[in-house]
């Protein structure tokens, strides 16, 4: 025992066998949605008490995507940050160690999380009225609790779905925090699949499509503005295929926006807005 | 146009109790507006004007935009739209349209009584957390220095700045002025203000505490708890403490009183507080939390009424009564108190 690591809490000495679960077979048995049918979204705000604003997002089965967003601020920046006439919005996206099927993820922030955090920041920053809060910081933290399948094999659709959920959820949390924003941001994904390149709205990695190309947009429906565009795959730009995929993604985002509006409104109604 | 008058809001289950008063208010408002010659607003039952960020509130140019809105050009129809920037209820005052968010950071205004915590000590001032977007400043020159109010601030005071307030200390102060960026400068130049001790702090939403004539409430508690003082900071910080013994020891002149006060004024030492008093302080804290959760205005009358009901509920000896007044129990206590207040 002399070699025991004293800095950490050591496990019990008696060995136990970790449970072994059968492979998930949901993807094969689940009925395939129509190509223009979106999955149902559960979105609820104000679930993290210490945060200024927070939201939780979950997609209907067979999808397993679950994530939470919490917003802190606007709060004073440390003096070392220097003067800033606008609020600084920082965003951090983190995958929980237990979020992926199969292998556990490490705690340390990796390149993928860094990349997604930046994209999340870009998607949200455009919507917040940062000029209203000088010298302040607004911090957005998104934790992905469950992904759709594993994301380690560079399953792009799974990563895209996680980012799209994060954008929508974080925007709900910002609105819940009472931070002034010009519009809410919802994110949608569309893909061109198969030999013909037929368009599919809100494709899930569990649907088993042969994805040729996919596009994610962060979209402010009230202002008709795109805040973030991420495309993947091979598309013919001259033939208008690219535009059609992006347009389809915007259509998805517009539909998701109605859910976002309802979730934000629901909280106001439940707590303070009823007057009859 | 889908704008309606938004009245003071009440949670659904409390609504029937308040119906009479709200209807009266509504009629009054309606009449006033007719007299002003404004357009009559539709306000049928269940007509709630709740908007989300990015939603167009109105395109009618007769309205001025207030807080929680911004102007954006209408690309199709031309002209300007007033668009909401926060989620909340639409409010109109004459021709001013604003959107009131459900929860927002506290925005200091001159004259507000706030409870705050020292977060940083600098050479000539303190930085105080008052639950707003920016920390506020408390200058050494805007506190009562011991040894008389009219004393001049010296460099010795600067060196021993931590003897007045140090990090983590709680204080009650008034907003003296506002800086360009909206942050506040505080002062404690009154015997009513200064360091807080002998009690505990609860934090509620700043929307739960409204500006009133008096922000300091004194309660005579039950069960031998004695007098308890509640400082309702407009910023949502509430201080509940045993009331200080202010009876003068002997006949003193004004200057003598000042000296005595200033000796104790910066003491960080708590008095011994009886368990009975502690219990009542905690109960009052739970009452305030329950009132804020039920969207009820916290003032002297209502706090007294709710506290009374809470004491009775605990006295009835129901073992399963949740003394923390969380959830349903708190709502029940608040509803009973409100019903009593309305004379039902």
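The values are calculated or read from the model by the stated rules, or taken from the named source; none is laboratory data. Fair warning: this is a prediction, and the values are worked out from it, not measured in the lab. As a convention, Cβ positions derive from the backbone with ideal geometry for all residues, glycine included, and neighbour counts pool all protein chains shown.
Some values worked out for this structure:
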{"quantity": "Set A:190, A:215, A:221, A:170: member being in contact with a strand residue (DSSP E or B) (Cβ under 8 Å, 6 or more places away or on another chain), within 14 Å of another protein chain (Cβ to nearest Cβ) and buried (at least 24 other Cβ atoms within 10 Å of the Cβ)", "calculated": "A:170"}
{"quantity": "Candidates A:165, A:149 - the one that is in a helix (DSSP H, G or I) and crowded, with 17+ Cβ neighbours inside 10 Å", "calculated": "A:165"}
{"quantity": "Residue that is surrounded by the fewest Cβ atoms within 10 Å (Cβ to Cβ) [pool: residues in region B:35-70 that are on the phi < 0 side of the Ramachandran plot, modelled with pLDDT of 90 or more and within 11 Å of chain A (Cβ to nearest Cβ)]", "calculated": "B:56"}
{"quantity": "Selected residue (criterion: farthest from residue B:301 (Cα to Cα)) from residues of region B:221-239 that are free of Cβ contacts under 8 Å to residues at least 60 places away in the same chain and part of a loop (DSSP other than H, G, I, E, B)", "calculated": "B:224"}
{"quantity": "Scan of region A:224-241 for residues that are modelled with pLDDT of 90 or more, crowded, with 16+ Cβ neighbours inside 10 Å and either over 20 Å from the mean Cα position of the chain (by Cα) or over 25 Å from residue A:194 (Cα atoms) (or both), ordered by number", "calculated": "A:226, A:227, A:228"}
{"quantity": "Residue within region B:102-113 that is surrounded by 18 or more Cβ atoms within 10 Å (Cβ to Cβ), under 26 Å from residue A:185 (Cβ atoms) and more than 9 Å from chain A (Cβ to nearest Cβ) present", "calculated": "no"}
{"quantity": "Boolean, residue B:227 is more than 15 Å from residue B:117 (Cβ to Cβ) and modelled with pLDDT of 85 or more", "calculated": "yes"}
{"quantity": "Residues within region B:63-78 that are in contact (Cβ under 8 Å) with a residue 24 or more places away in the chain and in a loop (DSSP other than H, G, I, E, B), tallied", "calculated": "4"}
{"quantity": "Unique match (being more than 9 Å from every other protein chain (Cβ to nearest Cβ) and either touching a residue at least 60 places away in the same chain (Cβ under 8 Å) or in contact with a helix residue (DSSP H, G or I) (Cβ under 9 Å, 6 or more places away or on another chain) (or both)) among A:252, A:246", "calculated": "A:252"}
{"quantity": "Strands (runs of 3 or more DSSP E) (entirely within region B:79-126) containing at least 1 residues that are under 17 Å from residue A:129 (Cβ atoms)", "calculated": "B:80-84, B:88-93, B:96-101"}
{"quantity": "Restricting region A:124-138 to residues that are within 18 Å of residue A:170 (Cα to Cα) and not in a strand (DSSP E or B), the residue that is farthest from the other protein chains (Cβ to nearest Cβ)", "calculated": "A:125"}
{"quantity": "Residue B:77 being at pLDDT below 90 and within 9 Å of chain A (Cβ to nearest Cβ)", "calculated": "no"}
{"quantity": "Candidates B:171, B:145, filtered to the one that is within 22 Å of residue B:198 (Cα to Cα), in contact with a helix residue (DSSP H, G or I) (Cβ under 9 Å, 6 or more places away or on another chain) and more than 14 Å from chain A (Cβ to nearest Cβ)", "calculated": "B:145"}
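A quick yes/no check of all residues on (1) under 25 Å from residue B:306 (Cβ atoms); (2) in contact (Cβ under 8 Å) with a residue 60 or more places away in the chain; (3) more than 17 Å from the chain's Cα centre (by Cα); (4) part of a loop (DSSP other than H, G, I, E, B):
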position: B:152; (1), (2), (3), (4): no, no, yes, yes
position: B:181; (1), (2), (3), (4): no, no, yes, yes
position: B:200; (1), (2), (3), (4): yes, yes, no, no
position: B:212; (1), (2), (3), (4): yes, yes, no, yes
position: B:219; (1), (2), (3), (4): yes, yes, yes, no
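Residue-by-condition table, conditions (1) in the same structural domain as residue B:293 (by TED's automatic domain parsing); (2) over 27 Å from residue A:136 (Cβ atoms):
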{"residue": "B:60", "(1), (2)": "no, yes"}
{"residue": "B:78", "(1), (2)": "no, yes"}
{"residue": "B:81", "(1), (2)": "no, yes"}
{"residue": "B:92", "(1), (2)": "no, yes"}
{"residue": "B:117", "(1), (2)": "yes, no"}
{"residue": "B:138", "(1), (2)": "yes, no"}
{"residue": "B:156", "(1), (2)": "yes, yes"}
